[in-house]
Amino acid sequence: MSVKASILAVLTMGACHGYQLRQEIESRTGGTWNINVGQIYTTLDRLERDGLVESNLTNVDGQTTYRITKLGREEAEAWLTNPLTTGPETKNELANKLALAVTIPGLDIAELIHRQRVQTMQALQGLTKAKRESNLDDPNEIPWLLIADLNIFNCEAELRWLEHIEGTLAKSAARDLNPSQDLLAPAKRGRPARQEN
Amino acid sequence: MTAEVLIELIDVQKTYGNGENEVHALRGASLQVRAGELIAIMGASGSGKSTLLTIAGGLEVPTSGDVRINDHSLPTLRQKELARLRRQTIGYVFQDFNLIPSLTVVENVALPLELDGMNARNARRAATDSLESMGISDLAKRFPDEISGGQRQRVAIARSFVGPRRVLLADEPTGALDSKTSESVIRAMRKRIDGGLAGILVTHDAKLAAWADRILVIRDGQIVDELKTELRPEQFGAN
Ligand SMILES: Nc1ncnc2c1ncn2[C@@H]1O[C@H](COP(=O)(O)OP(=O)(O)O)[C@@H](O)[C@H]1O
Ligand SMILES: [Mg+2]
């Protein structure tokens with residue numbers, strides 16, 4: 001989910017080659033996420049099949065350029081702006097999404113974080129309610145309780161993280177740093193350009 | 001039938017100091033809490049959470065607006081009536097516990113009942129029950145300086161539960177407790193509240209706030225956000 005959505009998110013800012021997409025995603029998630037390029041291409045094939053991107057073989061050195069379709073753009077915007085439902089599977093997805101989101105011009109990050117906090121708090125309330133109704137003395141409920149507790153602690157950690165980064169972003173906005181990045185220059189196939197700092 | 005409103009703040013403002021030192025701790029806060037309902041208040045430090053609670057508990061007077069507890073408007077009560085309402089109706093857990101050092105644990109918990117004219121034996125029995133519900137009946141005969149911070153905190157909570165209270169106000173009641181003890185405390189609070197009390201819980205801990213029916217977020221003296229869980233039909237009737 002994350003790879004597909006991240007590709008679409010980058011493509012909302014302009015057409016890219018496969019290698020360039022990999023580079024963009026890597027640099028926009030702080031270099032913490034290494035996607036293998038094969039995965040990028042298989043995902044692009046699926047996106048094309050589903051009508052979310054279109055490709056054309058353009059320039060001289062025979063690279064394929066991918067462009068987002070109207071449908072693809074709608075999907076990217078939905079992913080970026082709607083809160084995620086918290087669970088062990090979405091932990092990295094949320095981090096990747098927010099990291100990407102701060103590099104995309106025109107997104108209301110504060111609103112996005114706020115909506116995510118509401119969503120995560122509601123997930124936490126749901127788990128707590130289920131726990132409240134459980135019988136602590138019933139040994140059959142123990143396995144479920146252990147998992148529920150892990151999810152509860154994860155929700156709490158996520159809420160603290162969201163509150164913390166809200167502060168970080170508010171400060172960076174106050175210093176008038178605009179973290180939005182333009183797309184990097186297209187890289188040559190097979191040799192992604194090194195990031196300069 | 002909808003449960004009765006036991007706590008109501010209507011457009012409450014609270015200003016401390018004046019002139020250059022003026023602080024607007026609350027800027028028009030309104031809320032209602034019904035019997036059987038627990039609400040949590042969250043917000044950054046200095047946002048006005050404790051002020052809201054002390055006003056709801058009749059410990060501070062609002063600069064303007066009304067506070068109604070169990071159908072009494074606190075700003076209109078005479079000192080003596082207010083003191084009685086506080087003793088009989090409101091259980092309050094302070095951020096710093098407020099235990100009396102020269103009294104034992106069980107005497108501390110029994111004190112509000114004795115002040116109210118209950119005989120010592122019955123008061124002590126009720127206090128022992130309350131300590132039991134906090135899992136600390138073994139501490140009954142110790143003095144506050146002979147127990148740990150976490151234990152003192154549970155004694156303060158036991159005191160807020162004791163007797164026929166209708167309203168429970170708790171300011172960071174689990175601040176010094178580990179997460180397992182916090183959970184048993186909130187479980188006990190929730191159980192008392194399910195029995196028909198109205199409660200307000202101020203907390204930083206989202207895990208605790210999640211036990212509430214609603215979560216209010218306060219910022220700069222204003223309630224800026226509200227989260228709701230679905231109302232439990234068994235408590236709120238079919239309305
Ligand atoms: N007795 C007081 N005198 C003057 N200012 C106060 C008093 N109590 C609280 N304040 C101020 O009112 C604001 C809200 O405080 P408080 O309600 O204690 O916040 P919180 O409990 O959310 O941390 C703060 O700016 C605080 O400094
Ligand atoms: Mg406080």
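The values are calculated or read from the model by the stated rules, or taken from the named source; none is laboratory data. Everything numeric here is computed off the predicted structure, so don't read it as measured data. Neighbour counts are summed over all protein chains in view; Cβ atoms, including those assigned to glycine, are modelled from backbone coordinates with ideal geometry. Areas reflect the complete protein model, heavy atoms only, side chains present, ligands, DNA and RNA absent. Shrake-Rupley method; radii C 1.70, N 1.55, O 1.52, S 1.80 Å.
Buried on complex formation within region B:200-216 (loss of at least 50 square angstrom of accessible surface versus the isolated chain, 1.4 Å probe, ligands and nucleic acids ignored): B:A206, B:K207, B:A210, B:W211. Shown for region B:169-191: residues covered by the partner protein chains by 50 Å² or more of accessible area relative to the chain by itself (probe radius 1.4 Å), namely B:R187. Placing pseudo-labels 7 Å out from each Cα toward the beta carbon at A:F153 and A:L136 gives an inter-label distance of 1.7 nm. Using a/c under 1.5 as the rounded threshold, could you call region B:140-207 rounded, prolate or oblate? The axes a ≥ b ≥ c are square roots of the C-alpha gyration tensor eigenvalues, and prolate needs a/b larger than b/c, oblate otherwise. The shape class here is oblate. Contact residues in region A:98-134 by the 50 Å² criterion (accessible area, 1.4 Å probe, full protein complex versus chain alone): A:M121, A:Q125, A:T128, A:K129, A:K131, A:R132. The stretch between B:R125 and B:E226 holds 32.4 nm of extra length on full extension. This uses 0.36 nm per residue minus the Cα-Cα distance. Which residue fluctuates the most in chain B, going by a Gaussian network model with Cα springs under 10 Å, if the choices are B:G36, B:G46, B:G221? Highest fluctuation of the listed residues: B:G46. Solvent exposure of the protein assembly as shown amounts to 50 Å² per residue of accessible area, where only protein heavy atoms count and the probe is 1.4 Å. Count Lys and Arg as plus one, Asp and Glu as minus one, and take only other residues whose Cβ is under 12 Å from that of B:A110; the net charge is then 0.
For a straight C-alpha distance cut-off of 23 angstrom, the lysines reachable from B:K180 (same-chain residues fewer than eight places away being disregarded) are A:K129, A:K131, B:K191, B:K207. Between B:S45 and B:S137, the distance separating the two model label sites (each 7 Å from Cα on the Cα→Cβ line) works out to 3.8 nm.
Highest mobility in the GNM of chain B, judged by mean-square fluctuation with C-alpha springs under 10 Å and restricted to B:S148, B:S50, B:S133, is found for B:S148. Shielding by partners for peptide A:156-163, expressed as the average number of C-beta atoms from other protein chains within 10 Å of each residue's C-beta, is 3.
When each of the peptides B:59-69, A:25-35, A:2-12 is scored by the mean number of other C-beta atoms lying within 10 Å of its residues, the order from highest to lowest reads A:2-12, B:59-69, A:25-35. For the interface of A with B, what's the total buried accessible surface in square angstrom, probe 1.4 angstrom, rounded to the nearest hundred? Summing both chains' loss of accessible area gives about 1600 Å². Answer rounded, prolate or oblate for region A:93-174, using the Cα gyration tensor with square roots of eigenvalues a ≥ b ≥ c: rounded when a/c is under 1.5, else prolate when a/b is larger than b/c, else oblate. Note, shape of region A:93-174 comes out prolate. If you plug the beta carbon distance of B:R27 and B:S102 into 1/(1 + (r/R0)^6) with R0 = 51 Å, you get a FRET efficiency near 0.80. Taking square-rooted eigenvalues a ≥ b ≥ c of the alpha carbon gyration tensor, is chain B rounded, prolate or oblate, where a/c under 1.5 means rounded and, failing that, a/b exceeding b/c means prolate? Because its axes are fairly even, with a/c under 1.5, chain B counts as rounded.
For chain B, a Gaussian network of Cα nodes joined below 10 Å ranks B:I41, B:I136, B:I157 by mean-square fluctuation, and the top entry is B:I136. The mean sequence distance of close C-alpha pairs (under 8 Å, at least 6 residues apart), as a share of the length of chain B, puts its relative contact order at 30 percent. Here the spin labels are modelled as points 7 Å beyond Cα on the Cα-Cβ line, and at A:H114 and B:Q79 they lie 4.6 nm apart. Of the solvent-accessible surface of region A:3-81, computed with a 1.4 Å probe over protein heavy atoms with every protein chain present, carbon and sulfur atoms account for 49 percent. Based on the Stokes-Einstein relation at 37 °C and a viscosity of 0.692 mPa s, and on the Kirkwood radius from alpha carbon pairs, the protein assembly as shown is assigned a translational diffusion coefficient of 131 µm²/s. Taking 1.567 mPa s as the viscosity and 4 °C as the temperature, the Stokes-Einstein diffusion coefficient of region A:1-126 based on its alpha-carbon Kirkwood radius rounds to 85 µm²/s.
A cut-off under 11 angstrom between Cβ atoms defines the neighbours of B:K49, and their net charge, with Lys, Arg +1 and Asp, Glu -1, is -1.
In whole percent, how big is the carbon plus sulfur part of the accessible area of region A:93-174, probe 1.4 Å, protein atoms only?
59
Working note: 222 nm ellipticity from helices only, DSSP H runs with n ≥ 4, each -39,500 (n - 2.57), summed and divided by the residues of the protein assembly as shown, gives -14000 deg cm²/dmol to the nearest 500.
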